[in-house]
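See below for the structure under consideration.
The values are calculated or read from the model by the stated rules, or taken from the named source; none is laboratory data. All figures in this text were calculated on a predicted structure; none of them were measured in a lab. Note that we place each Cβ from the backbone using ideal geometry, even for glycine, and neighbour counts take in every protein chain shown. Keep in mind that these areas ignore ligands, DNA and RNA; they rest on the heavy atoms of the full protein, side chains included. Shrake-Rupley method; radii C 1.70, N 1.55, O 1.52, S 1.80 Å.
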Amino acid sequence: MEAFLISTGIVSLAEMGDKTQLLSLLLAARFKRPLPIILGIFVATIFNHAGAGALGTWLTEWLGPDVMRWILGLGFLAMAGWMLIPDKLDDDESPRGHFGVFGTTLVAFFLAEMGDKTQIATVALAAQFDAFAWVVVGTTLGMMIANVPVVWFGERITRRVPIRAVHMVGATVFAMLGVVALMPH
């Protein structure tokens, strides 16, 4: 349960103001069909985070717990710093409409999530917790918590949510996880 709750919370915070959240807003504005957009985000996230979680689990087995403790600790501290740098959606990442709303969302969201903060966090969380399924379910839920309201309510939410404050809280959480991971067990 700890893996699930921490994964959900971390990804929800990390996703605020992230390029994939901006992509959700762009898709909602362009297509005005929330249900296929939400389903596309969900499916893309499951595939992306399952792969990331599998990589994290494999790295733990391959490198061993002592090496992973240092990698995780330093990785979480780096994520804390990364949280303080707001993302923007590049012009060349604008979604195209060749595959319908669901297909466009699925492909655009999956590709935008590659190498993103939340994908890297999923790798690290899966490496830290011996609970692959709970981490993937938690990170996927965190993505949905952050993105579904953006799809439904769009710009009204982004104007009211103090993104800088959310980034500060997220950076603090990542920093605390980094310090805890670096402590000898």
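Using a 1.4 Å probe on the protein heavy atoms, what percent of the accessible area of region 105-145 belongs to carbon and sulfur?
Exposed carbon and sulfur together represent 78 percent of the surface.
R0 = 35 Å: FRET efficiency of residue 71 with residue 99, Cβ-based, nearest 0.05? Please report the intermediate quantities before stating the final value.
Details: r = 37 Å, r/R0 = 1.06.
The computed FRET efficiency comes out at 0.40.
Express in nm, to one decimal, how much length is gained between residue 164 and residue 39 on full extension, taking 0.36 nm for each residue of separation and deducting their alpha carbon distance.
Length gained between residue 164 and residue 39: 42.2 nm.
Averaging sequence separations of C-alpha pairs under 8 Å and six or more residues apart, then dividing by the length of region 1-91, give the relative contact order as a whole percent.
In percent, rounded to a whole number, it is 52.
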